[in-house]
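Everything on this sheet refers to the single structure shown next.
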Amino acid sequence: KHEICTVTTGNTPKCACKPGYVKHEKYGCVDESPPVLRLKNDPSADQTMRLKQGDVYQEYAVDIQDENAEEYLRSLKISYSRPLPQGCLTQIGEFHVNYTVATPWTSPPYVRITRRVIIEDIDECSANVEKLRETCPELIPKCDVEAGAVCVNTVGSYTCKCPKYT
């Protein structure tokens, strides 16, 4: 596909790879430069996505930039450093998403970019309960404020402080 052949004297074809391609013994003429991966939705260009508790992670994936694409040999794999919860994110912390494109003719035989996802703490005690009811009811504090309990925010959660002697 990416080869130019000419017939020499004696009718023996002489073939070479087109400019930008190199000869690989197993794959034939392949792109001499691997593709470049760019994260979609990376407004700060720092490969980090910042979310808050109660948000839902949305996969944006990557753009694969490759002028001499070997698409018939390409596969994109997306892997997560920990399983993603269904629905809203309740735990603070971080996880990583690896995007890997196999390029078996290069060394190493892949190109990879990683997105760092940080889930930041919210103050459950002062959060908008109506909004949480719609988006993430798991984060609504369950303190009996009518009986005098006070919600106290902690890192990643909250506690209920009950009245003395109760």
Heavy-atom accessible area per residue - the chain, 1.4 Å, Å²: 66 Å²
Cα centroid separation, the stretch 123-166 to the stretch 14-35 (Å): 62 Å
The stretch 1-50 shape via C-alpha gyration tensor axes, a/c threshold 1.5: prolate
Distance histogram for the stretch 37-152 (every C-alpha pair counted, 5 angstrom bins, percent rounded to whole numbers): 2, 10, 17, 17, 13, 12, 9, 7, 5, 4, 2, 1, 1, 0
222 nm mean residue ellipticity, helices alone, for the chain (DSSP H n ≥ 4; -39,500 (n - 2.57); rounded to 500): -1000 deg cm²/dmol
Sulfur and carbon atoms: percent of accessible area, the stretch 3-111 [1.4 Å]: 49 percent
Heavy-atom accessible area ranking, 1.4 Å probe, most first, across 144, 66: 144, 66
Violating pairs (Cα-Cα greater than 24 angstrom) within the set 52/164; 40/77; 52/77: 52/164; 52/77
Cysteines not pairable in the chain (beta carbon separation under 4.7 Å absent): 162
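The values are calculated or read from the model by the stated rules, or taken from the named source; none is laboratory data. Worth saying up front: this structure is predicted, and the values here are computed from it rather than measured. No Cβ is skipped: glycine too gets one built from the backbone with ideal geometry, and neighbour counts run over all protein chains shown. Only protein heavy atoms, including side chains, enter the accessible area calculation; ligands, DNA and RNA are left aside. Shrake-Rupley method; radii C 1.70, N 1.55, O 1.52, S 1.80 Å.
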